[in-house]
1. Give region 220-244 a look and list any residue that's open to solvent by less than 40 Å² (accessible area, probe 1.4 Å) and on the phi < 0 side of the Ramachandran plot, or say none.
2. Which number in (1) open to solvent by 60 Å² or more (accessible area, probe 1.4 Å); (2) touching a Phe, Trp or Tyr at 6+ places or on another chain (Cβ under 6 Å); (3) of a type in the set (S, T, N, Q) marks the one condition that S143 misses?
3. Kindly provide the set of residues from region 271-309 that are at pLDDT below 95 and under 24 Å from M212 (Cβ atoms), ordered by number.
4. Can you tell which of L125, L190, L170, L198 is touching a helix residue (DSSP H, G or I) at 6+ places or on another chain (Cβ under 7 Å) and within 23 Å of R242 (Cβ to Cβ)?
5. Anything in region 78-126 that is closer than 19 Å to L153 by Cα, touching a Pro at 6+ places or on another chain (Cβ under 8 Å) and surrounded by fewer than 16 Cβ atoms within 10 Å (Cβ to Cβ)? List them, or say none.
6. Just a yes or no: is a residue in region 95-116 under 13 Å from L42 (Cα atoms) and either charged (D, E, K, R) or at pLDDT below 95 (or both)?
7. List every residue pair whose Cβ atoms lie under 8 Å apart, where the two residues are 6 or more positions apart in sequence or sit on different chains, the first residue falls within region 48-63 and is under 21 Å from R207 (Cβ atoms) and in contact (Cβ under 8 Å) with a residue 60 or more places away in the chain, and the second residue, located anywhere, is of a type outside the set (S, T, Y) and open to solvent by 40 Å² or more (accessible area, probe 1.4 Å).
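The values are calculated or read from the model by the stated rules, or taken from the named source; none is laboratory data. Just so it is clear, the structure is predicted and the values come from calculations on it, not from any experiment. With ideal geometry, Cβ positions are generated from the backbone for all residues, glycine too; neighbour counts draw on all protein chains shown. SASA here: full protein model, heavy atoms, side chains in, ligands and nucleic acids out. Shrake-Rupley method; radii C 1.70, N 1.55, O 1.52, S 1.80 Å.
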Amino acid sequence: MIRVVEPGLFTTIQDLGRPAAIAAGVPPGGAMDRFAHRAANLLAGNSPQDATLECTMSGPHLVADEPCLIAITGADFQPRINGAPAPMWTGTFLGRGDRLTFDQRLGGARAYIAVRGGFEGDRWLGSRSTSLMAGRGGMHGRSLAKGDQLSILAGRVAPAVAGRDLASRLRPAYSDHALHAMPGPHLRRLDSEGRKLLFSASFTVTRDADRMGYRLEGPRLSTSGDELLSFGLVTGAVQVPRSGQPILLMADHQTAGGYPVMAVVISASMPIAAQLAPGDTLRFIQTTAAEASRRRLALSAALATLSAP
């Protein structure tokens, strides 16, 4: 139902990934900004688990072959429908032959496009998420290409409703690059000065940043202790290798590793982390389990406003 005229820089089909396959060594994958992904689906009348398009650093040029309801969330790439500005965080109808395009990036790194019914895609280990490393899922395990035909799942019986939106006060504060994090299991491998720097200094996202993780540049954090045996890793883990420059693990991270984990970014801050681009600066703010829970519940409550009839 939707044709790809131009794919954008890097556009893939993503859902909520493969968390059940982590024990088998398969990266969890899925949407980097899970809040924006879920919100787009709910605005389009879908389940949060349905597949969306994740558009990195630029948006695609799409043509609707049939009328459909879409929603665009996340980064602001200035979406347009037939050349006119299109609203974000709002359910919007596309008519037959309508064209969805994007202009320059104003902020953020990843936009999400949901369509009523959800995007179809190859399933692998229970998920339609694209895994480039495995070459599976989504659009044959790759990013979108010019000429691709995007199919939409059928079966929705409730009427599609345009015009629903998510108030700006309920969205993540994408412009605030403070990532709240809890101390990691190996924090004591940093001396007192290193611990102070970790939770106060600014770090810059380098060009070595992708869906697996971001290499950060900032003050050197000196570590001590013997090498570690490999252990299980989670999204948001902040590793510090011998170089002293942190690595922030993202959606496609390896499932095990031996670099010490000095902190773990809380789930409520991961949508902000997902919107960081090379050259952006960030800070880690030490927080508590109670505060992490409060922030997570606040995001869940925001999404619940879209789930209400």
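1. L221, T223, L233, A237, V238, Q239, V240, P241
2. Single failed check for S143: (1).
3. None - no residue of region 271-309 is at pLDDT below 95 and under 24 Å from M212 (Cβ atoms), so the list stays empty.
4. Numbers: L125 fails: within 23 Å of R242 (Cβ to Cβ); L170 fails: within 23 Å of R242 (Cβ to Cβ); L198 fails: touching a helix residue (DSSP H, G or I) at 6+ places or on another chain (Cβ under 7 Å).
Sole residue among the options that is touching a helix residue (DSSP H, G or I) at 6+ places or on another chain (Cβ under 7 Å) and within 23 Å of R242 (Cβ to Cβ): L190.
5. G95, R96
6. Applying the first criterion (under 13 Å from L42 (Cα atoms)) to region 95-116 yields 112-116.
Add one more test, that the residue is either charged (D, E, K, R) or at pLDDT below 95 (or both), and what stays is 116.
Yes; the residues of region 95-116 include at least one that is under 13 Å from L42 (Cα atoms) and either charged (D, E, K, R) or at pLDDT below 95 (or both).
7. Close Cβ pairs satisfying both conditions: M57/L9; M57/F10; M57/R105.
Residue-by-condition table, conditions (1) over 30 Å from R18 (Cβ atoms); (2) touching a Ser or Thr at 6+ places or on another chain (Cβ under 7 Å); (3) at pLDDT below 95:
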position	(1), (2), (3)
S202	yes, yes, no
D210	no, no, no
G213	no, no, no
L228	no, no, yes
T235	no, no, no
V240	no, yes, no
